[in-house]
Amino acid sequence: MARVVLENVNKKFGDVVAVKDINLEIKDQEFMVLVGPSGCGKTTTLRMVAGLEEITSGKIYINNDLINDVPPKDRNIAMVFQNYALYPHMKVYDNMAFGLKLRKVSKQEIKERVGEAADILGLSELLDRYPKQLSGGQRQRVALGRAIVRRPAVFLMDEPLSNLDAKLRVQMRSELQRIHKTLKATVIYVTHDQVEAMTLGQRISVILNGELQQVDNPLTVYSNPSNRFVGGFIGSPPMNFINGTVIKKDNKYTFECEGFRMSIPDSVANLLENYVGKEVIFGIRPEDVWDVPSSEWIKEKLYLDSLVDFREIIGAETYLYVHVGGVPLVSRVNGLCDASTGSEFKIVINLNKVHFFDPENQKAII
């Protein structure tokens, strides 16, 4: 397949900077996900790789070949769009074969390539149907098949699952992982769905306002976010954030805010030395805020009395939205927990999972 490299890539629309100094390497056979909120520049970045948007400045390479001025048709890429873009008057076979026919590929080779792609995608029994006779998931697989038969160096996918219902999206994520493993393909995949990014990506690139915030494997990005935005964007429900002050007394560090005081674990306390007497942002994920019965295994923990605002019952687990003093928190507790709106409830914070961020530059301290 191919390695893709972006060097100091910028894109401006008039005075608006859509992409700013993107430096990114997508390794050969890697599944890279570009994730971020709407308007962050991820699709624009993908379209520049495809050649559908002109680069304002910077360089893009595929397999060490500079492609800035190479027309889209000559870049050896295939793009799968959000809408299926199938020809309604053509059967599945002809939709998948159309691009090959334009390239004057022989009928025998077209038959072999379409047959191979249909086997991979489970479309062999549907080749004589028209798009209107297919479900949404089947249409999306046809769109993928049209890309696969091209045998491109790079697959570019722009939110290909966003038109599907929730259950089908989960199924198609599994399909995409299987296809990637089968084809050993280089894939650049765009989504605004952080669950989708975490599920699919071997690495994920988090983008905000056209700038890369963090690039790493999903678990590292989740466990060690580089800044407050990444901590809040990756994870559902998002991380809890609380403003407070670092206090040092008798060589012990504490975090104090409106609602409570918390001892900072000795293993990380020294990292806050430069913030003593200053404001910081404390972060804790809902899954690290527990109910008492479920928290027996936690060694370093903080017990807090809270008031339940409301709850979301998911099934095996429940999300409690509570207040500790004037501080709102979200906690993920056991699904059998019987906390009710307006009741008092004791929560437990896992002190080994705390995060701290600089309020000025928003970067992670811990």
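The values are calculated or read from the model by the stated rules, or taken from the named source; none is laboratory data. What you see is a predicted model, and the numbers here were worked out from it, not measured in a lab. Don't worry about glycine lacking a Cβ; one is built from the backbone with ideal geometry, like all the others, and counts go over all protein chains shown. In case anyone asks, the SASA skips ligands and DNA or RNA and just uses the protein heavy atoms, side chains included. Shrake-Rupley method; radii C 1.70, N 1.55, O 1.52, S 1.80 Å.
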(message) How far apart, in nanometres, would the label points at K363 and K346 be if each is projected 7 angstrom from Cα along the Cα-to-Cβ direction?
(response) 4.1
(message) Two decimals, Cα atoms only, Kirkwood Rh: what is Rg/Rh over the chain?
(response) 1.07
(message) Can you give me the orientation-averaged projected area of the convex hull built on the Cα atoms of region 48-200, in nm²?
(response) 9.8
(request) Work out, step by step, the length gained on full extension between E112 and Y87: first 0.36 nm times the residue separation, then minus their alpha carbon distance; give nm to one decimal. (result) 6.9 nm
(request) Let me know the charge dipole size of the chain about its Cα centre in debye, to the nearest 20, where only the beta-carbon of Lys, Arg (+1) and Asp, Glu (-1) is charged. (result) 1560
(request) Mind checking the per residue accessible area of the chain for me, 1.4 Å probe, whole number of Å²? (result) 49
(request) Return the FRET efficiency for the residue pair S57, T254: r is the Cβ-Cβ distance, R0 is 56 Å, and the value is rounded to the nearest 0.05. (result) 0.70
(message) One quarter of the convex hull surface, Cα atoms only: what value does that give for region 157-210 in nm²?
(response) 4.0
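In the P(r) worked out for region 121-170, what percent of Cα pairs fall beyond 15 Å?
49
So for region 219-279, what percent of the C-alpha to C-alpha distances run longer than 12 Å?
The calculated P(r) of region 219-279 puts 71 percent of pairs beyond 12 Å.
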(message) Is the C-alpha gyration tensor of region 1-88 telling us rounded, prolate or oblate? Criteria: a/c under 1.5 is rounded; beyond that, a/b larger than b/c is prolate, otherwise oblate.
(response) rounded
(message) Output the 0 to 90 degree angle, nearest 10, between the alpha-carbon long axis of helix 166-183 and the longest principal axis computed from the alpha carbons of the chain.
(response) 60
(request) Summarise the accessible area of region 44-138 (1.4 Å probe, protein heavy atoms) by the percent that is carbon and sulfur. (result) 48
(message) For M239, what accessible surface area do you get with a 1.4 Å probe? Give it in Å², rounded to 10.
(response) 10
(message) What is the percent carbon and sulfur in the accessible area of region 144-230, measuring with a 1.4 Å probe over the protein chains and ignoring ligands?
(response) 49
(request) Pick out which of F241, F310, F81 has the largest mean-square fluctuation in a Gaussian network model of the chain, springs linking Cα atoms closer than 10 Å. (result) F310
(request) Among the listed pairs K73/K107; K132/K184; K59/K184; K20/K278; K11/K73, give every one whose C-alpha distance is greater than 27 Å. (result) K132/K184; K20/K278
(request) Considering only DSSP beta bridges where both residues belong to region 75-229, give the percentage that are antiparallel (nearest 5). (result) 40
(request) State the percent of C-alpha pairs, over all pairs in region 197-341, separated by a distance greater than 20 angstrom. (result) 57
(message) Taking θ = phi - 60°, what integer Hz values does the Karplus form 6.51 cos²θ - 1.76 cosθ + 1.60 yield along region 213-224, in sequence order, with x for Gly and Pro?
(response) 9, 6, 10, 5, 5, x, 5, 5, 4, 5, 7, 10
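Using Stokes-Einstein with the Kirkwood hydrodynamic radius over Cα pairs, what translational diffusion coefficient do you get for region 259-366 at 25 °C and a viscosity of 0.890 mPa s, in µm²/s rounded to a whole number?
Answer from the Stokes-Einstein relation: 166 µm²/s.
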(request) Multiply the residue gap between D21 and L102 by 0.36 nm, knock off their C-alpha separation, and tell me the result in nm, one decimal place. (result) 25.5 nm
(request) Rounded to whole Å and sorted largest first, list the principal axis extents of the Cα atoms in region 151-272. (result) 66, 28, 26
